[in-house]
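Scroll down for the structure; my scribbles are underneath it.
The values are calculated or read from the model by the stated rules, or taken from the named source; none is laboratory data. What you see is a predicted model; the values in this text were computed from it and never measured. Neighbour counts run over all protein chains shown; Cβ positions are idealised from the backbone, glycine included.
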Amino acid sequence: MTMMKKLFLLALIFTAIGYKSAGQEENRRFLSPEAGIDGIGCEAPEKDYIRAVTDQDPADYYSDQINSLMTVYYAGCRFEYRMFNNLLGLSAGLRFNRMTTSIGRESYMLSDPDYFYVNYYQSGQVTEYAKVREITQDGDYIGIPLEVRLYPRKEHRIRLYYKAGLSFNLKVHSRSDIVFFDSSMEQYRADVMKVVEKASPYYTTFHLGLGVKIGKTTKPAISFETYTPIGVIFPKGAWLVDPIAGSGLQLVLSFPLNSVKE
Amino acid sequence: MKRDALIFSLVLLVLTCSCSKEYELDKSIFIPDKDFPGLPAYTEWGYNTFGLFYDREPFVNTDFSAPSKIICTGGKTTFSLKGHMGVSRYYYYVSDEKPMTLSFDLPGFVPGSLTDLLELDNTIIDLTDPLCKVTLTVDTARYSLEVLNGSLQFKRAQNLIVDKKQYEIILSGVFDFQALVNNEPSSFTNGRFDLGISRDNFFKY
């Protein structure tokens, strides 16, 4: 069964549980627009096409190294079903994610150069390097987030809650860019970009988090969520960055759709 | 006063930014070998490193001087590796390093210019060839080695172009031999080198 099918099945189960519990007690449904940002730490890139800049002596390595960064900005909307007297919320939705990844050189010393060497051509006895300041990649993904929220306190204007979730994200578009040290190399951009990996076609994240909701359950409310760690799983293969884990912040608006008492 | 300080800071910034950039490819970058951590891994990036075991003791390049020279004079070409013995790379204050230089004559090879070094690509030199003189200098003592067996292999010679400008020749290879050093049988094993050769370490006169 493919990952997409599994997630679809999981979304159906979430929805079914929500409806099943609807007949038993007071339940509420919410429409929640949301936006957030995730910062993900990545392994230092070890690539066949990038020349090392320092010894692997830890003192050298941490003061001057080639780094990978990954940031995900997203916005979307989800439905949340509350059950068990609003103690538990299950939600599923749709998100647009913009994943920005980059490779650059970071140094504590002003005297260290801010570029690295990309080996972009080898033929016979000729080897060509380009001095590169940064390689960036923007990937646009459509994501399906599935989340569980636990509201341990009873109804209150300010409620603390916990959440756990996962999200499956499918690429719809991506573009890569490169910043050369010498602008005259711009004309060889296509040649250099040939050695850079494409953006991953999909990725999955999972996270644990904490949130605070301001506002009564029966009224529109605003929530702030922070979650850590975030795990990111790319499919097998070679990608621009190799994510480890990260943290995120999310802003959620909640609009109650109904209040049913059966 | 504030203006002077600002101008001084700007000048310092420009100087510090501009000074080091030319030397980026001349630095030695030591990537430890997974099997023999005392030696640099075999690479072909022009990391300016070399290493070997001299009777099981590592002999590697130093960080602060050119690890190699190619000298062509009198119809003869010498390829030399200059470094030290000992494993005090990161602890200089307890260093018992001995400066060492290992030199090979390359029989029948007389480059007319730097780029002629590309002819060494995929070349194996039999070190027992009487025309291939191998010398070892330890501190100030200089020994002519009587090579018993072994070879020097230039696995790859690359013409390195950086941002479309010719920069250097990268020579990468391996060597392994046994020899008599001051009449004592000695081994020189797991030798490897990855060197950038340019105008500052190629001499022809």
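A few points about this structure:
- Of the residues making up region B:30-77, those that are crowded, with 18+ Cβ neighbours inside 10 Å and hydroxyl-bearing (Ser, Thr, Tyr) are B:42, B:43, B:47, B:49, B:54, B:68, B:77.
Conditions tested, residue by residue: (1) closer than 14 Å to residue B:54 by Cβ; (2) touching a helix residue (DSSP H, G or I) at 6+ places or on another chain (Cβ under 6 Å); (3) of a type in the set (Val, Ile, Thr).
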| position | (1), (2), (3) |
| --- | --- |
| B:107 | no, no, no |
| B:125 | no, no, yes |
| B:139 | yes, no, no |
| B:145 | yes, no, no |
| B:169 | no, yes, yes |
| B:173 | no, no, no |
| B:178 | yes, no, no |
| B:194 | no, no, no |
| B:200 | no, no, no |
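- Subset tally (residues that are outside any strand (DSSP E or B) and within 10 Å of chain A (Cβ to nearest Cβ)) for region B:167-199: 0
Yes or no, residue by residue, for (1) in contact with an Asp or Glu (Cβ under 6 Å, 6 or more places away or on another chain); (2) at pLDDT 90 or above; (3) of a type in the set (S, T, N, Q):
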site: A:218; (1), (2), (3): no, no, yes
site: A:227; (1), (2), (3): no, no, no
site: A:230; (1), (2), (3): yes, no, no
site: A:252; (1), (2), (3): yes, yes, no
site: A:261; (1), (2), (3): yes, no, no
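- Considering (1) touching a Ser or Thr at 6+ places or on another chain (Cβ under 9 Å); (2) within 14 Å of another protein chain (Cβ to nearest Cβ); (3) at pLDDT 95 or above, the lone condition that residue B:118 does not fulfil carries the number (1).
- If you go through region A:146-156 and pick out every residue that is at pLDDT below 85 and either closer than 17 Å to residue A:207 by Cα or touching a strand residue (DSSP E or B) at 6+ places or on another chain (Cβ under 8 Å) (or both), you end up with 1.
- Within the option set A:21, A:32, being modelled with pLDDT under 80, of a type in the set (Ser, Thr, Tyr), more than 30 Å from residue A:118 (Cβ to Cβ) and surrounded by 15 or more Cβ atoms within 10 Å (Cβ to Cβ) holds for one residue only, A:21.
- Inside region A:167-183, residues that are within 19 Å of residue A:198 (Cα to Cα) and without any contact (Cβ under 8 Å) to a residue 40 or more places away in the chain make up a count of 5.
- Selection within region A:149-180: residues that are hydrophobic (A, V, I, L, M, F, W, C) and within 17 Å of residue A:212 (Cβ to Cβ). The member of this set that is nearest to the other protein chains (Cβ to nearest Cβ) is A:164.
- Those residues of region A:71-115 which are part of a strand (DSSP E or B) and more than 30 Å from residue A:161 (Cα to Cα), in sequence order: A:101, A:102, A:103, A:104, A:105, A:106, A:107
- From the list A:226, A:217, A:204, the lone residue that is among the polar types (S, T, N, Q), crowded, with 16+ Cβ neighbours inside 10 Å and within 20 Å of the chain's Cα centre (by Cα) is A:204.
- Residue in region B:7-24 that is modelled with pLDDT of 60 or more, over 12 Å from the mean Cα position of the chain (by Cα) and within 12 Å of another protein chain (Cβ to nearest Cβ) present: yes
- Residues being more than 10 Å from chain B (Cβ to nearest Cβ), of a type outside the set (A, V, I, L, M, F, W, C) and within 18 Å of residue B:161 (Cβ to Cβ) - total across region A:181-205: 5
- Qualifying positions in region A:70-101 - buried (at least 20 other Cβ atoms within 10 Å of the Cβ), out of contact with any Pro (no Cβ under 8 Å at 6 or more places or on another chain) and at pLDDT 90 or above: A:72, A:74, A:80, A:81, A:89, A:90, A:97, A:99, A:101
- Only a single item in (1) modelled with pLDDT of 90 or more; (2) more than 12 Å from every other protein chain (Cβ to nearest Cβ) is not met by residue A:67, and it is number (1).
- Residue in region A:120-141 that is closer than 30 Å to residue A:221 by Cα and part of a strand (DSSP E or B) present: yes
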